[in-house]
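S.K.: Have a look at this one before I ask anything.
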Amino acid sequence: MQIQSAYSSGVQGLQNSQQGLAQATTAVAAPDPKPTAPAAQQDTVTLSSQAVEHSDKTSALVSAVESRQQGEASVKVIEAATETVGSIINIEA
């Protein structure tokens, strides 16, 4: 069993965060399909699909926030690993 260093884990978490944020922002930025009929004439299926699309945008925004928080946590891991190595070097010197 191989154990990754804290620094490697932090970098990997930061990369995953960047990928997740890119996917989420792409989903949020995707254009909404234009309705073909006025709202009063739309059927239940069309209204349901619009609600699902709105829900998809909301979940994409939530995913973007989660990715940002994952990135912030990964940065803290990298900082802690760097400080630990710096402390070890100071003790050795």
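The values are calculated or read from the model by the stated rules, or taken from the named source; none is laboratory data. Fair warning: this is a prediction, and the values are worked out from it, not measured in the lab. Ligands, DNA and RNA are stripped out before the accessible areas are found, and what is left, the full protein with its side chains, is counted by its heavy atoms. Shrake-Rupley method; radii C 1.70, N 1.55, O 1.52, S 1.80 Å.
S.K.: Would you confirm, using the coordinates I've provided, whether residue 55 is modelled with pLDDT of 90 or more, open to solvent by 60 Å² or more (accessible area, probe 1.4 Å) and hydroxyl-bearing (Ser, Thr, Tyr)? Spell out the reasoning first.
M.R.: Numbers: modelled with pLDDT of 90 or more: no; open to solvent by 60 Å² or more (accessible area, probe 1.4 Å): yes; hydroxyl-bearing (Ser, Thr, Tyr): yes.
Spelling it out, it is not the case that residue 55 is modelled with pLDDT of 90 or more, open to solvent by 60 Å² or more (accessible area, probe 1.4 Å) and hydroxyl-bearing (Ser, Thr, Tyr).
S.K.: Shifting gears a bit: Taking residue 77 as the residue in question, decide whether it is within 14 Å of the chain's Cα centre (by Cα), among the β-branched types (Val, Ile, Thr), modelled with pLDDT of 60 or more and within 30 Å of residue 5 (Cα to Cα).
M.R.: no
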